[in-house]
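Notes follow once the structure below has been shown.
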Amino acid sequence: MRLPLRRLVLLSLLGVLLFAAKMVMAQLPNIEPVSLLVMLLAVCCGWQGLLAVYLYIFLELAVWGPGFWALGYLYVWPVLFALARLLRRMESPLGWAVLSGGFGLLFGALFAPLYWSAGGWAAALSWWIGGIPMDLLHGLGNFALALVLFRPLRRALEKLFQRYGA
């Protein structure tokens, strides 16, 4: 399937927006708009939205350099994308907030298999337990952002794609 140039440009700009939005909020510990925006991409852009997600991951790697964490990004963000894609017909802001908050709470747990493969159960468990305070902040921040912003941003993104995404 061929991607129209306008859609490719729009998805690329949204991928850059993911990265820029995260950088703007970098002073806040584990409170980030990436989860919300990944869900919106899944709902409004279809599977093509993964292009923006992987561009975001590429930009993370370009700025911070490759690391073990990067392997997790290659599957963790697409997991959230796939869940949101499956639930795309859900209208409830509370439902989206629960999904986003749950993802934030489980963020460290989603990385645990990666650490298990490198260092066994002890490494995975210590990684996960050590990160629980940050996962709590991540979950609360995700919940609040999605509860307040999912619906208006969804409308805005749908209008953007209707106008420029064809």
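The values are calculated or read from the model by the stated rules, or taken from the named source; none is laboratory data. A quick note: this is a predicted structure, and the numbers were derived from the prediction, not measured. Counting neighbours? That spans all protein chains shown, and the Cβs are built from the backbone with ideal geometry, glycine included. To get the accessible areas, we keep the full protein, side chains included, count just its heavy atoms, and leave off ligands, DNA and RNA. Shrake-Rupley method; radii C 1.70, N 1.55, O 1.52, S 1.80 Å.
Computed quantities for the displayed model
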| read-out | value |
| --- | --- |
| One residue from Tyr56, Tyr75 being in contact with a Phe, Trp or Tyr (Cβ under 6 Å, 6 or more places away or on another chain), of a type outside the set (A, V, I, L, M, F, W, C), outside any loop (DSSP other than H, G, I, E, B) and more than 21 Å from Leu137 (Cα to Cα) | Tyr56 |
| Scope the range 137-166; condition small (Gly, Ala, Ser) and at pLDDT below 95; matching residues | Gly165, Ala166 |
| Some residue of the range 40-55 being open to solvent by less than 60 Å² (accessible area, probe 1.4 Å), of a type outside the set (Gly, Ala, Ser) and without any contact (Cβ under 8 Å) to a residue 24 or more places away in the chain | no |
| Some residue of the range 107-115 being free of Cβ contacts under 8 Å to residues at least 12 places away in the same chain and open to solvent by 80 Å² or more (accessible area, probe 1.4 Å) | no |
| Flag for Leu74 being within 12 Å of the chain's Cα centre (by Cα), open to solvent by 40 Å² or more (accessible area, probe 1.4 Å) and aliphatic (A, V, I, L, M) | yes |
| Unique residue being hydroxyl-bearing (Ser, Thr, Tyr), over 16 Å from Ala146 (Cα atoms) and surrounded by 13 or more Cβ atoms within 10 Å (Cβ to Cβ) when the list is Ser12, Ser35 | Ser12 |
| From Glu60, Glu91, residue being among the charged types (D, E, K, R) and open to solvent by 40 Å² or more (accessible area, probe 1.4 Å) | Glu91 |
